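Engineer: Before I ask anything, here is the structure I am working with.
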Amino acid sequence: MEKLMSLGEFIVDKQDDFKYAKGELSRLLSAIGLAARVVNREVNKAGLMKDILGDVGGKNVQGETQKKLDVYADEEFIRALKDRGEVCGLASEEKEGVIEFKSGYAVDGQYVVAIDPLDGSSNIDVNVSIGTIFSIYRRTSESGPATFDDFMQKGTEQVAAGYVIYGSSTMLVYTTGNGVNGFTLDPSIGAFFLSHPDMTIPKDGKIYSINEGNYVHFPTGVKQYLKYCQVEDAPTNRPYTSRYIGSAVADFHRNLIKGGIYIYPTTTASPNGKLRLLYEANPFAFLMEQAGGLATDGFGRILEIQPTSLHQRTPLFIGSENMVKKAMSLMEEHSPRS
Ligand code: P6P
């Protein structure tokens with residue numbers, strides 16, 4: 001049987017590909033892996049712990065009801081990253097402003113992390129896969145706690161990005177700009193092992209993921225794309241199949257492996273789209289481009305968007321290259337950017 005490579009071995013083995021200080025990012029990625037294992041333990045027994053299911057009674061900065069596991073995951077990732085010396089601050093979906101790390105060695109940390117500690121948490125109580133999404137940048141400020149401007153970098157400046165999916169198995173998938181690799185947790189020993197080396201998305205796919213309940217509010221270009229997906233045309237494998245879990249990490253992960261497109265366009269309720277740029281669209285876009293796919297807002301690269309606020313949202317068209325290109329062509333034709 002082929003020797004399994006652990007996440008730790010892989011990180012060290014590949015760190016020479018990384019253009020910055022070798023050990024720092026390695027330790028940072030290992031810390032994320034540790035926090036993921038801790039969160040995984042709680043997610044997996046959530047159904048048994050009456051005090052961990054359900055709402056915490058608060059609302060996050062998005063005005064969304066906070067689940068107890070949301071708050072727990074947020075605290076665990078902050079704990080894992082704050083006292084390590086590599087990270088000088090966080091931007092979290094669960095917190096309004098920058099979480100500045102002020103301890104002695106953290107203020108000299110060279111990295112900042114934008115994170116959605118537990119995305120899709122409305123699915124927790126119904127046992128549907130959820131996930132953690134993270135995006136890592138080098139700081140732009142000189143020293144001291146992280147600043148707001150440290151996070152106002154285009155997605156092209158990310159040095160690493162990834163997600164954890166807490167599903168039928170728990171996986172950590174990440175990139176440092178040299179391809180995408182997936183690691184599966186062996187819960188019996190609490191370690192991640194390389195299970196999906198060099199993940200690439202097929203140029204074409206048969207799956208489209210979108211909440212069609214919002215159809216009446218979609219831009220005409222999206223409506224035209226849905227019609228295209230649903231037309232009978234054997235040579236182009238249509239009609240496609242609709243698959244929408246409502247948990248972006250799960251929809252993203254399935255499409256990455258099988259091919260497909262995930263679209264969250266503008267709607268009346270979400271005039272700028274629903275997905276957040278810093279800790280959802282940008283990390284997904286980095287991963288998707290590294291896997292040979294595309295990620296756009298319907299018109300241009302997600303990674304080229306200049307952020308102006310921590311929690312800004314963006315429309316997201318992401319997945320197989322030829323599917324995204326088709327959707328973009330219909331957006332250009334029917335819903336040109338004003
Ligand atoms: P809707 C979860 O809140 C999330 O941000 C993504 O994980 C998911 O894809 C999307 O929202 C679901 O949104 O409006 O279709 O319920």
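The values are calculated or read from the model by the stated rules, or taken from the named source; none is laboratory data. These numbers come from a predicted model, not from an experiment. Note that we place each Cβ from the backbone using ideal geometry, even for glycine, and neighbour counts take in every protein chain shown. Surface areas here come from the heavy atoms of the whole protein model, side chains and all, with no ligands, DNA or RNA. Shrake-Rupley method; radii C 1.70, N 1.55, O 1.52, S 1.80 Å.
Engineer: Which of the residues spanning segment 284-338 are open to solvent by 10 Å² or more (accessible area, probe 1.4 Å), of a type in the set (Ser, Thr, Tyr) and either under 21 Å from Phe151 (Cβ atoms) or in contact with a strand residue (DSSP E or B) (Cβ under 7 Å, 6 or more places away or on another chain) (or both)?
Structural biologist: If the condition is that a residue be open to solvent by 10 Å² or more (accessible area, probe 1.4 Å), of a type in the set (Ser, Thr, Tyr) and either under 21 Å from Phe151 (Cβ atoms) or in contact with a strand residue (DSSP E or B) (Cβ under 7 Å, 6 or more places away or on another chain) (or both), then Thr308, Ser309 are the ones that fit.
Engineer: Can you pull out the residues in segment 205-254 that are farther than 16 Å from Ile165 by Cβ, within 16 Å of the ligand (Cβ to nearest atom), out of contact with any Ser or Thr (no Cβ under 7 Å at 6 or more places or on another chain) and assigned to a loop (DSSP other than H, G, I, E, B)?
Structural biologist: Scanning segment 205-254 gives Ile210, Asn211.
Engineer: Could you run through segment 113-150 and say how many residues are within 22 Å of Phe252 (Cβ to Cβ) and touching a residue at least 24 places away in the same chain (Cβ under 8 Å)?
Structural biologist: Number satisfying all stated conditions: 24.
Engineer: If I filter segment 280-291 for residues that are free of Cβ contacts under 8 Å to residues at least 60 places away in the same chain and not assigned by TED's automatic domain parsing to the domain that holds Phe148, do I get at least one hit?
Structural biologist: The answer is yes, given that some residue of segment 280-291 is free of Cβ contacts under 8 Å to residues at least 60 places away in the same chain and not assigned by TED's automatic domain parsing to the domain that holds Phe148.
Engineer: Can I ask one more? What's the number of the only condition in (1) open to solvent by 30 Å² or more (accessible area, probe 1.4 Å); (2) within 16 Å of the ligand (Cβ to nearest atom); (3) farther than 18 Å from Tyr166 by Cα that Lys102 fails to meet?
Structural biologist: Failing condition for Lys102: (2).
Engineer: Quickly run through segment 108-132 and pick out the residues that are over 24 Å from Thr176 (Cβ atoms), touching a strand residue (DSSP E or B) at 6+ places or on another chain (Cβ under 7 Å) and open to solvent by 30 Å² or more (accessible area, probe 1.4 Å).
Structural biologist: Ser129 - this is the single residue of segment 108-132 that is over 24 Å from Thr176 (Cβ atoms), touching a strand residue (DSSP E or B) at 6+ places or on another chain (Cβ under 7 Å) and open to solvent by 30 Å² or more (accessible area, probe 1.4 Å).
Engineer: Taking the criterion of being over 30 Å from Val112 (Cβ atoms) and of a type in the set (Phe, Trp, Tyr), would at least one residue in segment 278-286 satisfy it? Working first, answer last.
Structural biologist: Just the residues of segment 278-286 that are over 30 Å from Val112 (Cβ atoms), to begin with: none.
Within segment 278-286, none of the residues are over 30 Å from Val112 (Cβ atoms) and of a type in the set (Phe, Trp, Tyr).
Engineer: Any residue that is out of contact with any strand residue (DSSP E or B) (no Cβ under 8 Å at 6 or more places or on another chain), modelled with pLDDT of 95 or more and hydrophobic (A, V, I, L, M, F, W, C) - is there at least one of those in segment 178-194?
Structural biologist: There is no residue in segment 178-194 that is out of contact with any strand residue (DSSP E or B) (no Cβ under 8 Å at 6 or more places or on another chain), modelled with pLDDT of 95 or more and hydrophobic (A, V, I, L, M, F, W, C).
Engineer: May I pose another question? Could you look through segment 255-277, keep only residues that are in contact (Cβ under 8 Å) with a residue 40 or more places away in the chain and open to solvent by 40 Å² or more (accessible area, probe 1.4 Å), and pick out the one that is nearest to the ligand (Cβ to nearest atom)?
Structural biologist: Looking at the filtered set, the residue picked out is Ala269.
Engineer: Then there is this: What do you reckon, is Ile136 away from the ligand (no atom under 16 Å from the Cβ), among the hydrophobic types (A, V, I, L, M, F, W, C) and either closer than 15 Å to Leu28 by Cα or in contact with a Gly (Cβ under 6 Å, 6 or more places away or on another chain) (or both)?
Structural biologist: On the way: away from the ligand (no atom under 16 Å from the Cβ): yes; among the hydrophobic types (A, V, I, L, M, F, W, C): yes; either closer than 15 Å to Leu28 by Cα or in contact with a Gly (Cβ under 6 Å, 6 or more places away or on another chain) (or both): yes.
Yes, satisfied.
Engineer: Only one of Ser338, Ser329, Ser309 is over 21 Å from Gly131 (Cα atoms), more than 14 Å from the chain's Cα centre (by Cα), more than 12 Å from the ligand (Cβ to nearest atom) and not assigned by TED's automatic domain parsing to the domain that holds Lys223. Can you tell me which?
Structural biologist: Going through Ser338, Ser329, Ser309 in turn, just one is over 21 Å from Gly131 (Cα atoms), more than 14 Å from the chain's Cα centre (by Cα), more than 12 Å from the ligand (Cβ to nearest atom) and not assigned by TED's automatic domain parsing to the domain that holds Lys223: Ser338.
Engineer: State which residue is modelled with the lowest pLDDT when the search covers only segment 317-338 and only residues that are over 20 Å from Ala285 (Cβ atoms) and among the polar types (S, T, N, Q).
Structural biologist: Among residues in segment 317-338 that are over 20 Å from Ala285 (Cβ atoms) and among the polar types (S, T, N, Q), the one modelled with the lowest pLDDT is Ser338.
Engineer: Return the residues of segment 193-202 that are touching a Gly at 6+ places or on another chain (Cβ under 7 Å) and not in a strand (DSSP E or B); say none if nothing qualifies. Show your work before the answer.
Structural biologist: So in segment 193-202, the residues touching a Gly at 6+ places or on another chain (Cβ under 7 Å) come out as 195-196, 198-202.
Those that are touching a Gly at 6+ places or on another chain (Cβ under 7 Å) and not in a strand (DSSP E or B): Asp198, Met199, Thr200, Ile201, Pro202.
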